[in-house]
Every structure is written in structure tokens, then in C-alpha cells.
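Here the structure is laid out as C-alpha cells; the discussion comes afterwards.
The values are calculated or read from the model by the stated rules, or taken from the named source; none is laboratory data. All of these numbers come straight from a predicted model, not from anything done at the bench. Cβ coordinates were reconstructed from backbone atoms using ideal geometry, including for glycine residues, and neighbour counts include every protein chain displayed. When the accessible area is computed, the model is the full protein with side chains, heavy atoms only, and any ligands, DNA or RNA have been set aside. Shrake-Rupley method; radii C 1.70, N 1.55, O 1.52, S 1.80 Å.
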Amino acid sequence: MRSNKLLRGFILLGLLFVCMQNMQAQALNTATIRETVEFWKVLENPIQIGAGNDPWINFNMPFTFSYDNQNITSIYIYGNGWIRFNAVGNPSGLSTPNFAGNTNTIYWYGKDLFTEGSLSYKVEGSAPFRVLTVQQLGARYITDQTGATFDTQIKFYETTNEIQIIYGNASGIGGGGVNGWLGFVGSVTTRYINIQPRQPEIASLLYYNPGNPNNQTWLTKNVVQFFPVGRCFTLSTSARIADIYPNSSTILTTGSVYTGENHPHVRISRAAGQPEVKIRYTINGPVGNSKLIYTALDSPFVTASDKVYPNPQPLGNLIRVNMPYAKDLAGVLETGALDLTNITNTPSGIYNIQAVLENATTGVALHTVNSQFTIAFPNDVAIMSLE
């Protein structure tokens, strides 16, 4: 009987440890910022909050959501370019808090704004993958009369706890000579991420506190040129696949073995404190046939697991992880290279590639990336190069 009690005690301690590890993985200072350009689409029939000077609203969070190790129960949305969780802020533009002036805040501008269009919100999708979108259209600094405005959407994702800040038209950023903030503040004001945007093809500068604190305003007139429609900044508390190879710009030829720089790989963004990961990586095709030609393996045996455990684990942004071993028609078991010498009789065409990132402990899928690339006969490539 005593041994059963001890066993239950160890199980409870183990569960507590897992819960603590999961909570740590959701802390703001272990989160990553993923930068993309997304398709911009204005909400259809959203719930209107208001327009003009200082519109705002608060309501209960429509689904379970975690932010910086906290359960978020309520959200306060302010037309001056900021949001606060679980506590009211001052809606007046004259009292908009400086960056890191209030806890649990998100800034997409955070200055005294006037909303020419509308401030609204909408919940879309079905549990457990609903999305709450806050939308501000036609924002400008209150004294800016140039006619330039900017549009923003802030999206909250159920289950993944991701937050996206997406800009549509950005011409009004820096209007009136007043710059804005872009970033996230945690459960204490000394924990934040302040973002300095740069060109879309160059990673933005991220100021983490603790670490490298900086609370300057970086949304200036100078960065408008860096904001194509759909410029997106995603706060993610789990690791993500940042790139996959081969990809849509890749043309490979039959009769060749691809390794070295062209070795099948992914790039992972993962912060310290986030759960360890495994990767599933497959290639099939051509489209219409979908025959599996490549499966990455964790060890050099055809019966090995198809979940690759990188060792060492990727740490940082855009960390390259080569597939170490592989099987199937185009997989080289000993090296993981992509061998197209065995499929010369297979029609050239478009092939599908998929990478799935999983929590190494729980097996929960964290991120899936699908892409396509082209396999062509050498003569076809030669003809294309002449055209």
C-alpha cells in the first residue's frame, strides 16, 4: 500500500514538473518573433467598437488563452494602438502609457491616434482553433492632417497561443512626426520584447528585457518603406520551422545526388527554454501520383523512427538542420542525401514536400510546413536555360 502511495507521489511530482516546464516554455522572454508577409484581408461583418477619438472596449476572452505564463480572462482594446490583458488601462490618448508602462500589453503604435475608419473585432473558426482578430482601419496620429493613415490587425490563436500583428496600408506610420511602438510587455514591466523593424529580407532587431533592454519608438516614417501590405510579426512561444529545402524556387534534375548545400534540410527558430523538438520530413510525387520517394530517419536503419531528433537541439533563429538518414526510392540511408539517380524513369514534374515539427516529449505537432519543388530531366533544364 505504501509503495502505491509513493508511486502516486512520484507521478504527481512528475506531472507538476511537466506543468512547470510547459509554463516556462510560455514565458515572454523565451518567445520568438517570426517575420512574414501575409495575405491581407479586411474582416467581413466584424463587431464594431467605434471610430474617431479614443474608441475602446473590453470583453471576456472568447477562448482559453495563455500569455507570459498567465491565463488571460479579459481583453481591453484601445484605439490608441494598444491592448491590455486582465486589467483596465486609461483609454484617453492623452494618457496612453509609454512602452512597458503597464503590464500585459501589446503595442502596434501606442500613441494618441484618431481612427478615420473603424475599430472592430471578430471571432472566426471552430474550437480548438478559433482566432480572435482585432482590426483598426484608417488610423493616424491625432494632429496629422496629411491624409496618410495605417491599417492593422492583431490576431490571437487558440491552442497555439500565438499573437500576430499584421499591417495593411502603412503610409501613416510616423505621421505628424510622432513615432510609435511595436512590441509586447509581460506580467511585469521589466519583461518585454521591443521590435525595431528593418527590410523584410533582413531580420528585425529584437530588444529583450532582461537581456538587451531598449524602449525607444521604432515605428518611424523611415520604416514605411519596409512595410509591404501584409507585413507580419508573430509572437510564438513554441519552436517553428522557418524554412524548408527543397522549396518552390528549386529545380532539381534526375541523375544527380543532392547533398552539401543542397542537402534536404529545414531551418528552425527555437528559443532557450522552449521544449525540445523532433522533425518528420517526407517527399512524394509527382503531383497526381504522390508516391513516397523520401522519408527522413533518426538512425541508419530502414526500421528506424521517422521522427528525427536533432542533436544538438537547434537554438536561435534560422538554425539549419540536415536530414541525417533517409529511406525510400530517393533516400540515401547512410547520409540522408536526396538521390535522384534511381528515378530516371519517373516522370518529371512537381513534387510535394512536408516537414512537421513536434514536441519531442509529448509528440504534439507544433508547426507544419508544406511546399513543392520541381524535378526535371537534364535536357528539359538545358532547354529552359536557352529560352
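In table form, for the structure just shown:
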{"item": "Answer from Asn222, Asn215 - the residue that is more than 16 Å from Ile165 (Cβ to Cβ) and surrounded by 16 or more Cβ atoms within 10 Å (Cβ to Cβ)", "result": "Asn215"}
{"item": "First in region 203-223 and under 17 Å from Phe233 (Cβ atoms) and modelled with pLDDT under 90, second anywhere and surrounded by fewer than 18 Cβ atoms within 10 Å (Cβ to Cβ) and among the aliphatic types (A, V, I, L, M), Cβ under 9 Å, 6 or more apart", "result": "Ala203/Leu318"}
{"item": "Residues of region 265-274 that turn out to be crowded, with 20+ Cβ neighbours inside 10 Å and touching a Ser or Thr at 6+ places or on another chain (Cβ under 8 Å), as a count", "result": "4"}
{"item": "Which numbered condition Glu201 fails, given (1) open to solvent by less than 20 Å² (accessible area, probe 1.4 Å); (2) out of contact with any Leu (no Cβ under 9 Å at 6 or more places or on another chain); (3) among the acidic types (Asp, Glu)", "result": "(1)"}
{"item": "Filtered residues of region 315-354 (kept if modelled with pLDDT of 95 or more, under 30 Å from the mean Cα position of the chain (by Cα) and in a loop (DSSP other than H, G, I, E, B))", "result": "Met323, Pro324, Gly336, Ala337"}
{"item": "Ser118 being modelled with pLDDT of 95 or more, among the small types (Gly, Ala, Ser) and surrounded by 18 or more Cβ atoms within 10 Å (Cβ to Cβ)", "result": "yes"}
{"item": "Residue within region 196-217 that is among the basic types (Lys, Arg) and out of contact with any helix residue (DSSP H, G or I) (no Cβ under 7 Å at 6 or more places or on another chain) present", "result": "no"}
{"item": "When residues of region 241-266 are limited to those that are of a type in the set (A, V, I, L, M) and more than 21 Å from Gly349 (Cα to Cα), the one modelled with the highest pLDDT", "result": "Val266"}
{"item": "Checklist (1) part of a loop (DSSP other than H, G, I, E, B); (2) closer than 28 Å to Thr361 by Cα; (3) among the polar types (S, T, N, Q) applied to Asn284, failing item", "result": "(1)"}
{"item": "Total residues in region 58-114, condition outside any loop (DSSP other than H, G, I, E, B), β-branched (Val, Ile, Thr) and either at pLDDT below 95 or farther than 21 Å from Arg130 by Cβ (or both)", "result": "1"}
{"item": "Any hit, region 32-39, residues being within 17 Å of Ile154 (Cα to Cα), at pLDDT 95 or above and touching a strand residue (DSSP E or B) at 6+ places or on another chain (Cβ under 8 Å)", "result": "no"}
{"item": "Failed item, numbered, when Arg34 is tested on (1) out of contact with any Lys or Arg (no Cβ under 6 Å at 6 or more places or on another chain); (2) open to solvent by 20 Å² or more (accessible area, probe 1.4 Å); (3) part of a strand (DSSP E or B)", "result": "(1)"}
{"item": "Selected residue [open to solvent by 60 Å² or more (accessible area, probe 1.4 Å), closer than 25 Å to Leu340 by Cβ and either without any contact (Cβ under 8 Å) to a residue 12 or more places away in the chain or not aromatic (Phe, Trp, Tyr) (or both)] from Asn284, Asn317, Asn262", "result": "Asn262"}
{"item": "Selection within region 229-259 - open to solvent by 50 Å² or more (accessible area, probe 1.4 Å), assigned to a loop (DSSP other than H, G, I, E, B) and either in contact with a helix residue (DSSP H, G or I) (Cβ under 9 Å, 6 or more places away or on another chain) or within 22 Å of Gly183 (Cα to Cα) (or both)", "result": "Val229"}
{"item": "Extreme residue, nearest to Thr254 (Cα to Cα), among residues of region 267-281 that are assigned to a strand (DSSP E or B) and at pLDDT below 95", "result": "Arg267"}
{"item": "Flag for Ala330 being under 13 Å from Ile353 (Cβ atoms), crowded, with 18+ Cβ neighbours inside 10 Å and of a type in the set (A, V, I, L, M, F, W, C)", "result": "yes"}
{"item": "Checklist (1) part of a loop (DSSP other than H, G, I, E, B); (2) open to solvent by less than 20 Å² (accessible area, probe 1.4 Å); (3) touching a Phe, Trp or Tyr at 6+ places or on another chain (Cβ under 7 Å) applied to Leu132, failing item", "result": "(1)"}
